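Notes follow the structure.
The values are calculated or read from the model by the stated rules, or taken from the named source; none is laboratory data. From a predicted model like this one, the values you see are computed outputs, not experimental measurements. Cβ sites come from the backbone with ideal geometry, for glycine too, and all protein chains shown count toward neighbours. Ligands, DNA and RNA are excluded from the accessible area calculation, which covers all protein heavy atoms including side chains. Shrake-Rupley method; radii C 1.70, N 1.55, O 1.52, S 1.80 Å.
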Amino acid sequence: MVSLAAAETNSGRLHASEWSDAVDLYHRGDYEASAARASAAIDGGTWNSDWSQLLIRNHLATGKYEQAVEVYETAERRYTDDLPLRLLAAEAYRSAGQSERANIVTEQIFELLRRAPGRYTGSENLVAAGRYFASRGEDARKILELFYDRVRRADPNYSDVHVATAELALAKHDYAVAAESLARAAELDPGDPQIAYLTARAWSPSDAKRADAALRRALDLNPRHVPSLLMQANEWIDRERYDQAEESLDRVEQVNPRQPLLWAYRAVLAHLRGDADAEAEMRDKALATWKDNPEVDYVIGRELSRKYRFAEGAAAQRRALKFDPTHTEARFQLAQDLLRLGDDEKGWKLAEQVSQEDAYNVVAYNLMTLHDELETYTILRRGNLLVRMQAQEASVYGEEVLDLLEEASEVLCAKYDVTPDGPVVVEIFPRQQDFAIRTFGLPGGDGFLGVCFGRVITANSPQSQGQNPSNWKSVLWHEFCHAVTLEKTNNRMPRWLSEGISVYEERQRDPVWGQRMTPTFRRMLLGEDLVPISRLSGAFLEPKTPAHLQLAYYQSSLAVEHLIERYGMPALQRILVDLGVGMPINETLERHTGSLKTLDEEYTVFVRQRAQAFGEQLDWTDEGLPERGDVAVWEAWLEKHPNNYWGLRGKATALLEERQFEKAETVLERIRELLSHDVAPEGTLEDLAALAREIGDVDRELELLKELADARADGFQDLIRLMELEAEREQWDAVAGHAEKALALNPLLPDAHRFAARAAAETDAAERAVRPLQVLATMDPVDPAGVHFQLAEALTAAGDRDGAKRQVLMALEEAPRYRRAQQLLLELTSEKK
């Protein structure tokens, strides 16, 4: 739509106030009143196509597609060479089910531009031409250069060029450019709900709060804005709040009962309910007017894939591509679906085609760049397991990965009665950015350690996690459990149940894996943050803070624990079977546990009892708790609350800040006496260990660090410190034990291998030094000659004299005058003779 300023100059009979009022009514969603104003202006003989365009837009917004066509056909006789009018007409014809007429109109646009390009140099025409070529899939950079950039230079305050630029960027997944363009558009035209809606789309992949705020603004400006209502329904579906999604769709229907995506989303909801007949009926309604509309099946498939129904999603994309083989979004979504289904050959081929044909598609470019990197990875196979790893990492701990996955397969497949229908593929990435691109298509995804799509698992390697990595074994066990339960349910399970079972099974495999109660979790669960089972999935999709997201995982594991303790493992098995045939989660929960209301009540009691049992000797009141204060402030508060956890922690912190270490230790020991399991990061035990190190009490520090190492699945830096202290005391067996734990956390950092090798050498178990020294030799050591020599000695002790000779020669290659290496080579050579 042209700007108000442009409309004023187009005709002397077009009064600014009349136009402004009509546009304002359209923006506010009073389409009927806006249409009436436009009709009156047209009937009054106004010689200007803007009113016809406005009337068409109002008819399209309310589903009056045939009337929109009539308006165009009348206007076209008067405005025979109007580019924006024809562009709008193509949409009207398609919506009315007249695809052939739409194609004729678009061909006419091309002919108009070809015959008289000089006629279409105004801002409105250049933007319309750019949108036309974008709809044909032309090169985005050329569209920017030939059309939009020209308008921005000549008329920087023309808001629609910024909107069109954002539309193009969104189509190519360039969200940063879209957000920047829309910010400028919003400055120029703050009352347009479409700009706010597009802004919500631009922020959605990276900033949920900003996206939600933009969407709320769009609906504040126009509560009947259909694109925003559809996006709102989409968000509710993602959050598994299906009743709210239906409410949003009902609001769409009140505005435009013929909107195809209204029925497409209802088809998705029917699918998620397991109602195949209703799904087919809804899809038929979505295609009732525009029978070959590819967007319908594209949206259905995209939403099903977001629910991990990749096979169903891929089938929908194939239907979309039958309607329009050039539909880029459908083709790329199909490529991603195939990759997540493990069909690499077809998936990568299709992704490559999209990337070659659409060089500005950011996600396709990222994915194909990663594909080149993946080609260099090592592939490890064992049974139905296939692991892709960077070559050096595979040489270090690839066999351990296979061992763990094989154990997980044996234990979890038997427990859940699952036989995977094909190989399980695990890809481990040494760079977080590569993991994010493979998993999400774009950089980001901070906080995710691994993701399971079914029989395809992606994971960050310890190398990507810095100095304090998570336990890679617990991560892979967690993700493999997803593979098992998703296979069991045909990828039809809610987020909370999938995550809950995986965290629960982590703890079953090793009590220090998974999540446990902490003081923070206790406070949240006994406060207002306990979420009932019936709404647990939403806790993952709309967490208030990162702590709330972590709590969602823990709560879900408690929900699974409660189901098993209260109703038994067979009940959980039957729930999974029901989900696999398409039964909704609430229905199967009621079928096997009774009413959902009762289940929520029982679960709430179970969780609160678990929380109350944690540190039950402590006072956990936080009413009136000082936010900060010196020692005197905390002592005054503790007089009335002598065993209060938060007060004692506050006093300990204040004493440490004042370097009153002895008194701080007394307070921390008092907390430990009342709460022996506070092993969380920055918890009491960690503070006591840090305090012991500060005052030089090595014996005490050792004792506390050992307790932490036994109680936590991570804590790499604690283990490094333990190895240092035990090495100083020449407690080599202890060093070897700590090195083993450290290598389970991160097999790629040299320190642990160095300590393991030294411990083996110092205990006359040189053969145990072979493996850590072999790994060190691949890690670009500071003293390569020394490492090769030590490895030669270890191999000699282990009886591998040929291997020892190779290593000693490598040592001498690095340092030809290395006396000890020369002597060992002589010994190896003379003995061989």
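When you check Val161 against the structure, is it farther than 17 Å from Ala213 by Cα, β-branched (Val, Ile, Thr) and surrounded by fewer than 24 Cβ atoms within 10 Å (Cβ to Cβ), yes or no?
no
Please note which helices (runs of 4 or more DSSP H) are completely contained in the range 515-568 and include at least 3 residues that are of a type outside the set (Val, Ile, Thr) and closer than 16 Å to Gln612 by Cα.
Filter on the range 515-568 gives 519-526, 546-567.
Name the one entry in Leu526, Leu563 that is open to solvent by less than 30 Å² (accessible area, probe 1.4 Å) and farther than 23 Å from Ala711 by Cα. Break it down into steps so the answer makes sense when it comes.
Numbers: Leu526 fails: open to solvent by less than 30 Å² (accessible area, probe 1.4 Å).
Answer to the selection: Leu563.
Taking Asp780 as the residue in question, decide whether it is assigned to a helix (DSSP H, G or I), without any contact (Cβ under 8 Å) to a residue 60 or more places away in the chain, of a type outside the set (A, V, I, L, M) and surrounded by fewer than 16 Cβ atoms within 10 Å (Cβ to Cβ).
Spelling it out, it is not the case that Asp780 is assigned to a helix (DSSP H, G or I), without any contact (Cβ under 8 Å) to a residue 60 or more places away in the chain, of a type outside the set (A, V, I, L, M) and surrounded by fewer than 16 Cβ atoms within 10 Å (Cβ to Cβ).
Within the range 377-466, considering only strands (runs of 3 or more DSSP E) that don't extend past its boundaries, which have at least 1 residues that are farther than 18 Å from Thr485 by Cβ? Break it down into steps so the answer makes sense when it comes.
Working: elements: 378-382, 385-389, 424-429, 450-452, 456-460.
So the answer is 378-382, 385-389, 424-429, 456-460.
Working carefully through the options Glu506, Glu479, find the one that is under 27 Å from Pro681 (Cβ atoms), crowded, with 18+ Cβ neighbours inside 10 Å, of a type in the set (Asp, Glu) and in contact with a His (Cβ under 7 Å, 6 or more places away or on another chain).
Residue meeting the stated conditions: Glu506.
In the range 566-594, which residues are among the aliphatic types (A, V, I, L, M), within 17 Å of Ala276 (Cβ to Cβ) and open to solvent by 10 Å² or more (accessible area, probe 1.4 Å)?
Result: Val581, Met583.
Limited to the range 661-701, what total is found for residues that are outside any helix (DSSP H, G or I) and surrounded by 15 or more Cβ atoms within 10 Å (Cβ to Cβ)?
Result for the range 661-701: 7.
What are the pairs, 6+ residues apart or on separate chains, where a residue within the range 807-826 that is farther than 15 Å from Pro784 by Cβ has its Cβ under 8 Å from a residue that is open to solvent by 50 Å² or more (accessible area, probe 1.4 Å)?
These pairs meet every condition: Leu824/Glu793; Leu825/Lys805; Leu825/Leu809.
Which one of Leu198, Leu272 is in a helix (DSSP H, G or I), at pLDDT below 95 and out of contact with any Ser or Thr (no Cβ under 6 Å at 6 or more places or on another chain)?
Numbers: Leu198 fails: at pLDDT below 95.
Sole residue among the options that is in a helix (DSSP H, G or I), at pLDDT below 95 and out of contact with any Ser or Thr (no Cβ under 6 Å at 6 or more places or on another chain): Leu272.
Checking Gly45 against (1) surrounded by 20 or more Cβ atoms within 10 Å (Cβ to Cβ); (2) part of a loop (DSSP other than H, G, I, E, B): exactly one of these is not met. Which one?
It is condition (1) that Gly45 fails.
Filter the range 544-563 down to the residues that are farther than 20 Å from Tyr603 by Cα and not β-branched (Val, Ile, Thr) and list them by number. Outline the logic, then answer.
The first filter runs over the range 544-563 and keeps only residues farther than 20 Å from Tyr603 by Cα, leaving 544-547.
Selection gives Lys544, Pro546, Ala547.
Please count how many residues of the range 107-148 are aromatic (Phe, Trp, Tyr), assigned to a helix (DSSP H, G or I), over 15 Å from His162 (Cα atoms) and open to solvent by less than 30 Å² (accessible area, probe 1.4 Å).
Residues in the range 107-148 being aromatic (Phe, Trp, Tyr), assigned to a helix (DSSP H, G or I), over 15 Å from His162 (Cα atoms) and open to solvent by less than 30 Å² (accessible area, probe 1.4 Å): 1 in total.
Please pick out the residue among Leu722, Leu705, Leu745 that is modelled with pLDDT under 85, at negative phi and buried (at least 21 other Cβ atoms within 10 Å of the Cβ).
Leu745
Filter the range 370-392 down to residues that are among the β-branched types (Val, Ile, Thr) and in contact (Cβ under 8 Å) with a residue 12 or more places away in the chain and give me whichever is least open to solvent (accessible area, probe 1.4 Å).
Val387
Is it the case that the range 749-760 has a residue that's part of a loop (DSSP other than H, G, I, E, B), under 19 Å from Trp472 (Cα atoms) and open to solvent by less than 80 Å² (accessible area, probe 1.4 Å)?
At the first step, the residues of the range 749-760 found to be part of a loop (DSSP other than H, G, I, E, B) are 749.
After this cut, where a residue has to be under 19 Å from Trp472 (Cα atoms) as well, the list is 749.
Now narrow it down to the ones that are open to solvent by less than 80 Å² (accessible area, probe 1.4 Å): 749.
The answer is yes, given that some residue of the range 749-760 is part of a loop (DSSP other than H, G, I, E, B), under 19 Å from Trp472 (Cα atoms) and open to solvent by less than 80 Å² (accessible area, probe 1.4 Å).
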